[in-house]
Amino acid sequence: MNINGMLPDKTFKDKVILITGGGTGLGKSIGEYILKLGGTIIITSRREEVIEEAANSLNASYPNSVLGIAGDVRKIEDVENVINKSIKKFGHVDMLINNAAGNFISPTERLSPNAFSTIIDIVLKGTCNYTLTLGKIWIKDKQPGTILNIATTYALTGSGYVVPSAAAKGGVLTFTKSIAAEWAKYKIRCNAVAPGPFPTEGAWSRLVPPGFSKFFDIKKRIPLKRVGEHQELANICAYLLSDYSAYITGEIITIDGGEWMYNAGQFSWLDKIPSAMWSIIEKTIRKKSK
Ligand code: HXC
Ligand code: NAP
């Protein structure tokens, strides 16, 4: 599909947006769209070379609009450093996207305590670290702010084999609603997006190992029969960050081609019934109803 951007060109003019995990995958795609809409971004993650390369390539298209700073969302001193440097450079940070994540598939009984807490620390505590540090500055300066948390659909349903991620992302959703309720009085909004499958190197290498596609075709799980395109996610993220959604807070928007609902639905399997057979089924049911 050829998906276009949906917001007007200057939507993020004079706005500074900090994106954790913004050097790769979905974070980078969202950042690129924000740049297209006139915004300035800070991208941060652990690998300095990845952040530097991403910042250089984005700055080539959008000069002086991207600051890359390495840092670990788990370490509060890194979080403070990223935020302080961003404010020093741009004067303010207006919006935050908590996008950094760690994940891999594994039977839960194989996980060490450290494996479990590593995921919780990146996903849930990383989100809390950035929100708290930046939120305190916004509140002190009486500055409005907007937060967008990137969750997943299984944060709502739960899922085996990604239990630490599901638990952490579930926490992120509750955090989203709780902070939204409490900080609305400071003109701080907080929403979340729950994406289904959007191919990225980072996610696919850890969740869809080579050879897996022989056993299951992800598209078959999705009633719209395709995976998501990055621009589709960028559109909804940009909307939730922008003033076009100024009256929305504490909301979670799912974007998954209907995947989770389809697989939760008790009768979705009836898709497999050929249409000719429905006449027989209908006749039988009508007869019984009489
Ligand atoms: C079991 C594992 C493991 C695995 C690591 N560990 N990989 N255990 N199976 N495959 C264990 C380690 O042995 C260690 O425990 C602990 O986890 C921490 O591992 P480290 O490698 O030391 O941690 P770190 O270097 O911090 O790396 C974190 C990581 C890594 C999460 C393990 O994968 C990473 O850097 N990921 C970042 C990017 C990412 O995950 N992207 C995907 C997001 S997709 P011990 O006890 O040995 O010390 C997503 C949504 C998907 O979130 C939804 C799709 C539809
Ligand atoms: P990705 O490219 O692997 O993105 C994860 C990013 O987080 C990387 O840039 C990584 O960079 C950064 N990161 C990991 N640990 C970090 C830490 N401790 N401190 C700072 N940064 C850290 O994968 P993605 O698919 O784009 O995922 C982006 C977001 O979308 C995640 O929140 C994920 O859960 C969510 N999501 C993705 C999908 C999908 O289908 N792709 C579906 C649902 C939800 P470094 O390694 O350099 O730190």
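Computed over protein heavy atoms with a 1.4 Å probe, the accessible surface of the chain works out to 54 Å² per residue. Helices in the chain, meaning DSSP H runs of at least 4 residues, each add -39500 (n - 2.57). Divided by all residues, the mean residue ellipticity at 222 nm is -14000 deg cm²/dmol. Between the alpha-carbon centres of the range 32-63 and the range 198-244 there is a gap of 22 Å.
Computed over the alpha-carbon atoms, the range 146-290 gives an Rg to Rh ratio of 1.10, Rh here being the Kirkwood radius from the mean inverse distance.
Seen against the Cα atoms of the chain and their longest principal axis, helix 48-61 is set at about 90 degrees. Here the accessible area is traced with a 1.4 Å probe on the protein chains. For the chain, carbon and sulfur cover 55 percent of it. Spacing of the modelled spin labels on residue 133 and residue 85, each 7 Å from Cα toward Cβ, amounts to 1.1 nm. Considering only Cα atoms, the convex hull volume of the chain works out to 177 Å³ per residue. The H on the amide N of residue 67, modeled in the peptide plane, is under 5 Å from the matching H of 41, 42, 43, each at least 5 residues off or on a different chain. All alpha carbon pair distances within the range 47-177 were sorted into 10 Å bins beginning at 0; the resulting P(r) in whole percents reads 12, 36, 32, 17, 3.
Would you please classify the overall shape of the range 1-113 from the alpha carbon gyration tensor, given that a ≥ b ≥ c denote the square roots of the eigenvalues, rounded means a/c under 1.5, and beyond that prolate means a/b larger than b/c while oblate covers the rest?
Because a/c hits 1.5 or more and a/b fails to exceed b/c, the range 1-113 counts as oblate.
What angle do you read, to the nearest 10 degrees and between 0 and 90, between the alpha-carbon axis of helix 25-36 and the longest principal axis of the chain? It works out to around 60 degrees. Taking the chain as a Gaussian network of alpha-carbon nodes connected by springs under 10 Å, the highest mean-square fluctuation of the residues 109, 232, 251 belongs to 109.
Once backbone amide H atoms are built at 1.01 Å from N, residue 143 has no partners under 5 Å, excluding neighbours fewer than 5 places away on the same chain.
How high is the FRET efficiency between residue 268 and residue 140 when r is their beta carbon distance and R₀ equals 51 Å, given to the nearest 0.05? Calculated transfer efficiency: 0.50. Karplus-derived 3J(HN,Hα) values for the range 103-114, using 6.51 cos²θ - 1.76 cosθ + 1.60 with θ = phi - 60°, are 6, 6, 7, 5, x, 4, 5, 8, 7, 7, x, 5 Hz; glycine and proline are entered as x. Counting only Cα atoms, the range 107-177 measures 47, 24, 13 Å along its principal axes, largest extent leading.
Pairs from the list 15/125; 85/219; 85/142; 125/225 with a Cα-Cα gap above 31 Å: 85/219; 125/225. With both labels modelled 7 Å from their Cα along Cα-to-Cβ, the residue 13 to residue 278 distance reads 5.1 nm. Of all the options 242, 29, 213, the one that moves most in a Gaussian network model of the chain with Cα springs shorter than 10 angstrom is 213.
Using only Cα atoms and rounding to the nearest 10 degrees, what angle (0 to 90) does helix 275-289 make with the longest principal axis of the chain? With rounding to tens, the tilt is 70 degrees. Would you list which aspartates and glutamates come within 13 Å of residue 169, measuring only between C-alpha atoms, while excluding same-chain residues fewer than 8 positions from it? Once the sequence-local aspartates and glutamates are set aside, what remains near residue 169 is 121.
The values are calculated or read from the model by the stated rules, or taken from the named source; none is laboratory data. Since the structure is predicted, the reported quantities are computational estimates derived from the model, not experimental observations. Ideal geometry is used to build each Cβ from the backbone, glycine not excepted, and the neighbour counts take in all protein chains shown. Ligands, DNA and RNA are excluded from the accessible area calculation, which covers all protein heavy atoms including side chains. Shrake-Rupley method; radii C 1.70, N 1.55, O 1.52, S 1.80 Å.
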